[in-house]
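Readers should treat all values here as calculations from the given coordinates under stated rules, not as data from a laboratory. Treat the numbers as computed from the prediction; the structure is a model and nothing was measured. Glycine also receives a Cβ, built like all others from the backbone with ideal geometry; neighbour counts cover every protein chain displayed.
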Amino acid sequence: MVWQVRGNIVCLTYELQTTAAADAEQIYQIVKATMYEMAVAVHGSWNEGGARRHTEEHARSGEYQLIRCGREIAGAMLLKRHADHFQLESLYILPPWQKQQIGSRILADIQAEARACQLPVRLRVLSNNPAREFYRHYGFVVVDSTPERFFMEYRPESGLNQ
């Protein structure tokens with residue numbers, strides 16, 4: 001369900017759509033729209049070839065999922081479920097859809113699944129990415145860092161559950 005409220009689109013529910021090779025360009029554009037400025041600030045440039053190869057490979061394998069709000073695409077996500085942990089490789093919410101609780105609802109669903117499986121959720125963010133504070137708010141803690149990245153983890157048994 002998507003509602004129009006005071007000229008802003010509000011997403012009340014989201015759906016995840018498995019991707020295929022044909023979705024690679026769309027995913028690349030989502031990655032670029034959400035990460036370009038931060039990547040350039042940290043790395044000094046944007047690696048277009050690397051980003052395109054990465055999105056094409058994971059779109060083709062069906063690992064990426066498009067985040068839909070009604071008929072609109074609000075972002076993309078790549079979550080890997082390993083035997084000993086979940087790895088949230090990426091959660092990209094397009095700028096017009098940010099700050100509407102879409103990421104919060106997706107993260108809450110991932111955490112609920114992790115709690116049911118009694119597995120931690122791991123992720124990494126660029127050192128200048130404001131999403132680090134978002135993840136901290138939802139119980140993730142920094143477990144390691146480099147000058148470029150923070151590695152974070154949510155442990156269901158930590159007592160920091162939402």
Run Q118 past the list (1) surrounded by 15 or more Cβ atoms within 10 Å (Cβ to Cβ); (2) touching a helix residue (DSSP H, G or I) at 6+ places or on another chain (Cβ under 9 Å); (3) in contact (Cβ under 8 Å) with a residue 24 or more places away in the chain and report the number of the one that doesn't hold.
-> (1)
For the range 85-121, which residues satisfy the criterion of being under 12 Å from the mean Cα position of the chain (by Cα) and either basic (K, R) or not in a strand (DSSP E or B) (or both)?
-> L94, Q98, I102, G103, S104, R105, I106, L107, I110
Is there a residue in the range 140-147 that is of a type outside the set (A, V, I, L, M) and within 24 Å of T18 (Cβ to Cβ)?
-> no
Test: residue in the range 44-57 that is touching a strand residue (DSSP E or B) at 6+ places or on another chain (Cβ under 6 Å) and either part of a helix (DSSP H, G or I) or touching a residue at least 12 places away in the same chain (Cβ under 8 Å) (or both) = no
